[in-house]
Structures are given as C-alpha cells and as structure tokens.
Amino acid sequence: MVMRTDEAKGAPMADPAEIEREVAQMAEYWGERREGWRDAAADEFERIVMPACLYGPEQDFRRLQMVNMCFTEWVLFERPLREGKTPLQLYVETPPEGTSESTVDHLRQIDETQLFARFAILDKDPETSRAMLLDVGTDRRYEVCDGALCKNARWRNGTIAERIACVDGLWQVIGQVHLYDRADPDATRVDGPGALHPDDLRAEDMCDAGLFLRLVRDVLGVDGRYAPTLSMVSVEGDAR
C-alpha cells in the first residue's frame, strides 16, 4: 500500500510552511499555559527517558536542546492532558478566540492522521522535497514532503524516525525531531531503536511508553542502547 497525495484529483493542498506555523502557534499557546501540568509531565518524561545530559557533571547545551524538543513533541501529540485528550486535541476542540477555521481544520487533520515511526528511505528528490518512505513496523509506503531529509545528502539508505501527518492530501513532517540511522533497515527492524526490548518487558513504564519515548530513551537516555553513537547536526537552525 502506498500512501500518497491527492494531486490527481485537483484538491488544494496546504503549504507545509503554513502548517509549520500553525503547529508552532498551537505549541506557543500551550507553552504560555504550562502552569499546573508541565511539572508532572516533565517528571514522567525524565523518569522514563532518564536524559543523560541531566546527570553529567556538565550539561551539554545541544543535547539539552534536543531533549527539550523531544519533550515538547511528546507532550503536544501523545501525552493526555485532560479527559484523556492531548493538548493538540483540546486545542482543536476549543480553539482560542480568533483562530481561523482553516487552522482548526488543518490541526484536526493532523490529529486524525499523525504518527511517529521509523521509516526506511526508499527514494528522495531534493528538487521537489518529496521522499518515498517505508514504515518498518507496518510495511506501508508514504510519499512525504520532507525538505530536511531530501536536502541532506548524508541521509540516505538507512532509516529516518520522525512524525508525519496528512493535511489536504499531502503527507508532511509535523514534528521537530529527525533521527537518522545509517544502519540497514532490515538489521534494526525487530530490535532497533524504540523497540520493546526483551529487558523492557519487566518495566511497566516501558511497555506503556510507546515507540517515540522508547526511541528517545534509546538515543538520549543514561543507559540508552544507542546513546554512545549519537551525533547531532543543525537542520534549519534546530538541533536534530
């Protein structure tokens, strides 16, 4: 199955830059209203991930920035805030006064379609910023608008872990976190970064955490399986 865009039907598609602004607007709204829930969320995140940069004698700013990005993405898209609903879902349900109908519609589509996965990179075109990706967990193919992946010549063959969603027929990246692994996708399909590893089965937190948090733990945690091999590069000004 290939999940691709709806261009053939002539459906209007939202500008990825516009979607990025709308997601940032939603994130800023919750950032200004963090009192009363952020501390509990941060405690939960740190208990599961145990970010190595928080425990060393000297804090690594770039790794701390990466941890903060991961925390924000998890909070907005995955962690229930009230009544079992995420901040994104609550924002769509009761948008702030003055929020345009198109923004609410775009964010609703993101909520209904968003997923975080590890994708094998099958093909990419720097000129169109389109990449053909294969979800290694489901074997579904997605044609994704992904400028960061397409323009980075070093990101090829292996896997890219990121969050995507479909808005107006176009699959695009809607998270800030890009985690590239140059290993052959087949070599890490079963027990790779983010998998429920055998030793995780004894920890309830790990069983319930989900792919995203387990992957962050694997690459940024004190005892992360892949933490020693992590390196970071700047993508359009962000640490990735």
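The values are calculated or read from the model by the stated rules, or taken from the named source; none is laboratory data. Owing to the predicted nature of the structure, the values given are computational and were not obtained by experimental measurement. Neighbour counts are summed over all protein chains in view; Cβ atoms, including those assigned to glycine, are modelled from backbone coordinates with ideal geometry. Surface accessibility is based on the protein's heavy atoms, side chains included, excluding ligands, DNA and RNA. Shrake-Rupley method; radii C 1.70, N 1.55, O 1.52, S 1.80 Å.
A straight chain from Glu20 to Val222 at 0.36 nm per residue would run longer than the Cα-Cα distance by 69.6 nm. Here Rg and Dmax of the Cα atoms in Å was computed from the coordinates, and among (i) 17.2, 52; (ii) 20.7, 83; (iii) 17.7, 57 the match is (iii). Between the amide H of Gly137 and those of Arg118, distances stay under 5 Å, these residues lying 5 or more places away or on another chain, with hydrogens modeled in the peptide plane.
Full extension of the segment from Ala153 to Arg38, taken as 0.36 nm per residue of separation minus the current Cα-Cα distance, would add 37.7 nm. Residue-wise HN-Hα couplings along the range 123-139, as the Karplus relation 6.51 cos²θ - 1.76 cosθ + 1.60 with θ = phi - 60° gives them from phi, are 6, 7, 10, x, 6, 9, 6, 9, 10, 9, 10, 10, 5, 6, x, 10, 6 Hz; Gly and Pro carry x. When shorter helices are ignored and each DSSP H run of at least 4 residues is given -39500 (n - 2.57), the per-residue value for the chain at 222 nm works out to -11000 deg cm²/dmol. Taking every protein chain into account, the accessible area of the range 16-229 amounts to 51 square angstrom per residue (probe 1.4 Å). The simple spin-label model puts a point 7 Å past each Cα toward its Cβ; for Met13 and Lys85 those points are separated by 3.0 nm.
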